[in-house]
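Visitor: Have a look at the structure that comes next, please.
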Amino acid sequence: MRSLATLVVLLLLSVSLSGCLAEEDIEDEGRFIDDESELFDTENPDYCGDFDGDGKPDCPLSGYTPDTNPWWCNSTGVGGHHVDPAYEGMTKGVLEPELCETLTYEMKDAIEWASQWPTLGDAEDAGYTMSVNYVEGMGTHHVMLNGFSMEDPGFDAQEPEFQDTRIDDVFEHERPEFLMYGGEERESELVGFAWFVHAPSNSPPEGFTGDNDWWHRHDSLCFESTEFLVMGENLDQETCDDRGGVNVNLQEYWMVHAWIIRPWLTYDDVFTNHHPCLLEDGPEQDLEADCWGESTEHVAHEI
């Protein structure tokens, strides 16, 4: 009799528990998702999301959705104030979907390659040299010299060639010649890229897919030759000499920037020369500051 009573109690208890579990399952099944990011597969290479909530997709950092018109394929303006006569009468604009897709993956390649050196310290430990100190609107310019020196007897400042470096007549979209950092301290973060290619003075390099990458030139830069450090632009010989430098003729060397490292995205023109939040006294850290919404067309700088 006692065994029968025990069995009845166990049966009643199991029914009660199963009812609770069933109700809990139903409740979970109907639970609202508070964070809609749970619906997105951010690991999918074709995913493109608006991570900072500004209404614009944050690719190419997060991927790309074909047949869309992302901001980096829709440049406006003239690329800053270094506008070469080669672009006279031309305008930037929206790229066709096929061109946009190719450009997107060119930029993704550059981001992936440069991710090896997220800070200035990482770059210098790997052998990069600071060729341009931190400058308002641009940050630093770090280059891999691979032992090259202007002190080499064979170097000609009027017809320069940078032997053993990647500064040559070959454009490699995935390997920018310069990495740009937001300060001169080891912890300074990567903010942008610059490509530097040898080409005739009247004919910019082919460069990136599409026609929005407007290249510019620095006709003459004064370098501290032992350190490959820029001391000034378009200086007369006496002034450059006083600074301990040598004037190098760069009329046949072209440069273009791309701002594709978060949060240093320039939505109005990905190829603009300068970033308004790289301030004179250092990079703006407040992402709510006005400079993030400013046009990139008019930014002061020394070089």
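The values are calculated or read from the model by the stated rules, or taken from the named source; none is laboratory data. Predicted model only: the values in this text are computed from it and were never measured. Glycine gets a Cβ as well: all are built from the backbone with ideal geometry, and neighbour counts include every protein chain shown.
Visitor: Could you tell me whether the stretch 89-103 includes any residue that is more than 19 Å from the chain's Cα centre (by Cα), modelled with pLDDT of 90 or more and buried (at least 19 other Cβ atoms within 10 Å of the Cβ)?
Guide: Yes; the residues of the stretch 89-103 include at least one that is more than 19 Å from the chain's Cα centre (by Cα), modelled with pLDDT of 90 or more and buried (at least 19 other Cβ atoms within 10 Å of the Cβ).
Visitor: Restricting attention to the stretch 246-303, which residues are under 30 Å from F155 (Cβ atoms), at pLDDT below 95 and hydrophobic (A, V, I, L, M, F, W, C)?
Guide: Matches in the stretch 246-303: I303 only.
This table checks each residue for (1) under 23 Å from E172 (Cβ atoms); (2) touching a Pro at 6+ places or on another chain (Cβ under 9 Å); (3) of a type in the set (K, R).
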| position | (1), (2), (3) |
| --- | --- |
| W215 | yes, yes, no |
| L235 | no, no, no |
| D242 | no, no, no |
| T272 | yes, no, no |
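Visitor: Any idea which residue in the stretch 214-238 is nearest to T91 (Cα to Cα), counting only those that are touching a residue at least 24 places away in the same chain (Cβ under 8 Å) and in a loop (DSSP other than H, G, I, E, B)?
Guide: Our first condition is that a residue be touching a residue at least 24 places away in the same chain (Cβ under 8 Å); within the stretch 214-238, this holds for 214-223, 225-230, 232-233.
Now narrow it down to the ones that are in a loop (DSSP other than H, G, I, E, B): 214-215, 218-219, 225-228.
Details: W214: 10, W215: 13, H218: 22, D219: 24, S225: 38, T226: 41, E227: 39, F228: 35 Å.
So, considering only residues that are touching a residue at least 24 places away in the same chain (Cβ under 8 Å) and in a loop (DSSP other than H, G, I, E, B), the one nearest to T91 (Cα to Cα) is W214.
Visitor: Continuing with the same structure: Under the condition of being without any contact (Cβ under 8 Å) to a residue 40 or more places away in the chain and among the charged types (D, E, K, R), which residue from the stretch 111-132 is farthest from N247 (Cα to Cα)?
Guide: Going through the stretch 111-132, the residues without any contact (Cβ under 8 Å) to a residue 40 or more places away in the chain turn out to be 115-116, 122, 125-127.
With the extra rule that they be among the charged types (D, E, K, R), the set shrinks to 122, 125.
Details: D122: 30, D125: 29 Å.
Checking each candidate, the answer is D122.
Visitor: Any idea which of (1) surrounded by fewer than 19 Cβ atoms within 10 Å (Cβ to Cβ); (2) closer than 29 Å to L265 by Cβ; (3) at pLDDT below 95 is the one P153 doesn't satisfy?
Guide: Failing condition for P153: (2).
Here's the yes/no breakdown for (1) under 16 Å from the mean Cα position of the chain (by Cα); (2) over 20 Å from S115 (Cα atoms); (3) loosely packed, with under 15 Cβ neighbours inside 10 Å; (4) among the small types (G, A, S):
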residue: Q158; (1), (2), (3), (4): no, yes, yes, no
residue: D164; (1), (2), (3), (4): no, yes, yes, no
residue: D169; (1), (2), (3), (4): no, yes, yes, no
residue: R175; (1), (2), (3), (4): yes, no, no, no
residue: G182; (1), (2), (3), (4): yes, no, no, yes
residue: S188; (1), (2), (3), (4): yes, no, no, yes
residue: V191; (1), (2), (3), (4): yes, no, no, no
residue: H198; (1), (2), (3), (4): no, yes, no, no
residue: G210; (1), (2), (3), (4): no, yes, no, yes
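Visitor: Test V135 against the criterion of being out of contact with any helix residue (DSSP H, G or I) (no Cβ under 9 Å at 6 or more places or on another chain), buried (at least 20 other Cβ atoms within 10 Å of the Cβ) and under 29 Å from G244 (Cβ atoms), and give yes or no. Steps first, please.
Guide: Numbers: out of contact with any helix residue (DSSP H, G or I) (no Cβ under 9 Å at 6 or more places or on another chain): yes; buried (at least 20 other Cβ atoms within 10 Å of the Cβ): no; under 29 Å from G244 (Cβ atoms): yes.
Criteria not met by V135.
Visitor: For the stretch 261-273, which positions are crowded, with 23+ Cβ neighbours inside 10 Å and either of a type in the set (A, V, I, L, M, F, W, C) or in a strand (DSSP E or B) (or both)? First the steps, then the outcome.
Guide: Start the filter on the stretch 261-273 by keeping residues that are crowded, with 23+ Cβ neighbours inside 10 Å, which leaves 266, 269-273.
Of everything in the stretch 261-273, those that are crowded, with 23+ Cβ neighbours inside 10 Å and either of a type in the set (A, V, I, L, M, F, W, C) or in a strand (DSSP E or B) (or both) turn out to be V270, F271.
Visitor: While we're looking at this one, here's another question. Can you name every residue in the stretch 245-256 that is assigned to a loop (DSSP other than H, G, I, E, B) and surrounded by 14 or more Cβ atoms within 10 Å (Cβ to Cβ)?
Guide: Step one: of the stretch 245-256, the residues assigned to a loop (DSSP other than H, G, I, E, B) are 245, 250-252.
Passing the criteria: G245, L250, E252.
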